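A quick write-up on the structure given underneath.
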Amino acid sequence: MTTRRRMNLIAYLKAGPSTSYPSAWRHPAATLDDLFLPERWEYLARVMEAACFDGCFFADGLGIPDLYKGSYADYVGRGGQLSLLDPMTLLPMMARVTRHLGLGVTLSTSFMPAYILARYLGSLDILSQGRVAWNVVTTARDFEARNCSMPGGLPPKAQRYDMADEVMEACDALWQGWDPDALVLDRASGVFADPGKIRRANYQGRYVSAEGPLSIPRSPQVRPVIMQAGSSPRGREFAARWAEALFCTPATKADALAYREDIHRRMAAIGRPVEECKVLPSFTVVLGETASIAQEKAAYLESLVDPELVLAASSWSVVADLSRIDTPEALEAGSSNQGVQGHRDRMLQVAAEKGISFAEAVRQPRALLAGTPAMVADVMEDWFLGEACDGFILPPTVFPTTFEEVGRMLVPELQRRGLFRTAYAGRTLRENLRDQGSY
């Protein structure tokens, strides 16, 4: 055994045909006939647990993006990142067939009452025996607000984050309302629970209120692991206070290093130990037995890409119609209450790194890290040991092939280098994030 720092790996998922790499659903190895079968998601969970992933999380949205050309035709017609099922229905199935894998869901603080959020997540954490993560979003797109009884669109960004802080505080008060031994379950005495060990939350904020008590008993983690993707100054402030796993999409190692250092500064300023938050950039990997095989696989994936889908997806990312905007100045001039700072930053970082225009950058799919397991591990090791990250978010290109190959080819290489666990050490997701097991 050793206390050497090791990587965390979390899978990025969508409850649909593809994730962040456009048109990958067209690959002949991508399964489509099982999209609506429980077996698809149960099999994936087993694959990830066999590879000792910390967990997975479902990115999600409440609608079909209609930003590109003012229509959802290209996004849905060409197969973008769609949520064809509610991830909340999938997580219990995946929990049922695993014992260690963390299971994350994206839920918005802008649309759901704190009591409902606390109830959903507390129930899942109990059923999974302490393996739930909540990817906290404030939502940045008006079409989702219009689908959730907000015809006028989203509240201002600062207000959304203020609301999110209050939702988190209210949920915490609700989750803490049951003592660990509040359930007595004594048949002889007829005492089911001790009311003296169950408390009201009595939370009252400016935007959020919750009386309680919660009807769900204390779960193994009490609070689920909090994931976040804050990139704006206000988003980073929120992340520094609450996040335990941060999802980011920097274009370069230098960008990742700067982001992690900024988060650490913000955490230190509020007295929070930096070890409590893992910063995890996203890498899209393509593995091959040789470098040339990996490059051929990547080239084939690139040949499937639909240029119109790339623009539709990029429009969703930067929250602007890229059929009408092709410069960062025009994007900034047309910016509104909507927007995701991290996606916009990445587009500008890609343009700067490659020496291309913003218009060219938004027309390119995400970069693929293609190579042999040793080549890909070299890059991951360099970022990790260089303090640019604490691990990685891995989205699939081809489903489920990417995770099968990561488990069979890349993970053993990381384990051989002593960078990744060979067995789970903890009982809950939080324990495994912080104690990365033996090797």
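The values are calculated or read from the model by the stated rules, or taken from the named source; none is laboratory data. The structure presented is a predicted model; accordingly, all values stated were derived computationally and were not measured. Because the Cβ atoms are built from the backbone with ideal geometry, glycine has one as well, and the counts that use them run over all protein chains shown.
All of (1) at pLDDT 75 or above; (2) buried (at least 18 other Cβ atoms within 10 Å of the Cβ); (3) of a type outside the set (Asp, Glu); (4) assigned to a loop (DSSP other than H, G, I, E, B) hold for GLN338 with one exception: (1).
Figure legend. Inter-residue proximity from the stretch 158-176: first residues without any contact (Cβ under 8 Å) to a residue 40 or more places away in the chain, second residues surrounded by fewer than 19 Cβ atoms within 10 Å (Cβ to Cβ) and among the small types (Gly, Ala, Ser), beta-carbon distance below 9 Å, spacing 6+ or different chains. Indicated pairs: GLU169/GLY205. Taken as a whole, the structure leaves ARG344 outside the set of residues that are over 30 Å from SER292 (Cβ atoms), part of a helix (DSSP H, G or I) and either aromatic (Phe, Trp, Tyr) or touching a strand residue (DSSP E or B) at 6+ places or on another chain (Cβ under 9 Å) (or both).
Here PHE111 meets each of (1) assigned to a loop (DSSP other than H, G, I, E, B); (2) touching a residue at least 60 places away in the same chain (Cβ under 8 Å); (3) farther than 19 Å from PRO220 by Cα with one exception, condition (2). In the stretch 154-169 there is no residue that is among the polar types (S, T, N, Q), more than 21 Å from the chain's Cα centre (by Cα), surrounded by fewer than 21 Cβ atoms within 10 Å (Cβ to Cβ) and farther than 30 Å from TYR72 by Cα. Taking the criterion of being in a helix (DSSP H, G or I) and closer than 18 Å to ARG344 by Cα, the residues of the stretch 240-256 that qualify are LYS253, ALA254, ASP255, ALA256.
Acidic (Asp, Glu), modelled with pLDDT of 95 or more and within 23 Å of ALA245 (Cα to Cα) - does that describe any residue in the stretch 387-408? Looking for residues that are acidic (Asp, Glu), modelled with pLDDT of 95 or more and within 23 Å of ALA245 (Cα to Cα), one finds at least one in the stretch 387-408, hence yes. Among the candidates GLU237, GLU261, the residue that is more than 17 Å from the chain's Cα centre (by Cα) and within 30 Å of LEU368 (Cβ to Cβ) is uniquely GLU261.
So that you can scan it fast, the table gives a plain yes or no per residue for (1) assigned to a helix (DSSP H, G or I); (2) under 17 Å from the mean Cα position of the chain (by Cα); (3) under 25 Å from ARG146 (Cβ atoms):
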residue	(1), (2), (3)
ALA30	no, no, no
PHE36	no, no, no
ASP60	no, yes, yes
LEU103	no, yes, no
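Tell me, yes or no, whether the stretch 398-408 has at least one residue that is under 30 Å from ASP34 (Cα atoms), polar (S, T, N, Q) and surrounded by fewer than 23 Cβ atoms within 10 Å (Cβ to Cβ). Yes, the stretch 398-408 contains at least one residue that is under 30 Å from ASP34 (Cα atoms), polar (S, T, N, Q) and surrounded by fewer than 23 Cβ atoms within 10 Å (Cβ to Cβ).
Criterion applied to ASP60, ASP66 was being acidic (Asp, Glu), over 25 Å from VAL286 (Cβ atoms) and in contact with a strand residue (DSSP E or B) (Cβ under 7 Å, 6 or more places away or on another chain), and the one residue passing it is ASP60. Candidates ALA370, ALA298, ALA312: the one that is buried (at least 17 other Cβ atoms within 10 Å of the Cβ), assigned to a helix (DSSP H, G or I) and at pLDDT 95 or above is ALA298. Taken over the stretch 56-111, the criterion of being more than 15 Å from VAL319 (Cα to Cα) and among the aromatic types (Phe, Trp, Tyr) is satisfied by PHE57, PHE58, PHE111. Considering the conditions (1) buried (at least 22 other Cβ atoms within 10 Å of the Cβ); (2) among the small types (Gly, Ala, Ser); (3) modelled with pLDDT under 95, ALA359 is excluded by exactly one of them, (1).
Please work out if ARG430 is farther than 19 Å from THR19 by Cβ, modelled with pLDDT of 95 or more and crowded, with 23+ Cβ neighbours inside 10 Å. Walk me through how you get there before you give the answer.
On the way: farther than 19 Å from THR19 by Cβ: yes; modelled with pLDDT of 95 or more: yes; crowded, with 23+ Cβ neighbours inside 10 Å: yes.
Against the criterion (farther than 19 Å from THR19 by Cβ, modelled with pLDDT of 95 or more and crowded, with 23+ Cβ neighbours inside 10 Å), ARG430 qualifies.
Residue-level check: of (1) of a type in the set (Gly, Ala, Ser); (2) under 30 Å from GLU381 (Cβ atoms); (3) over 19 Å from the mean Cα position of the chain (by Cα), ALA243 misses just (3).
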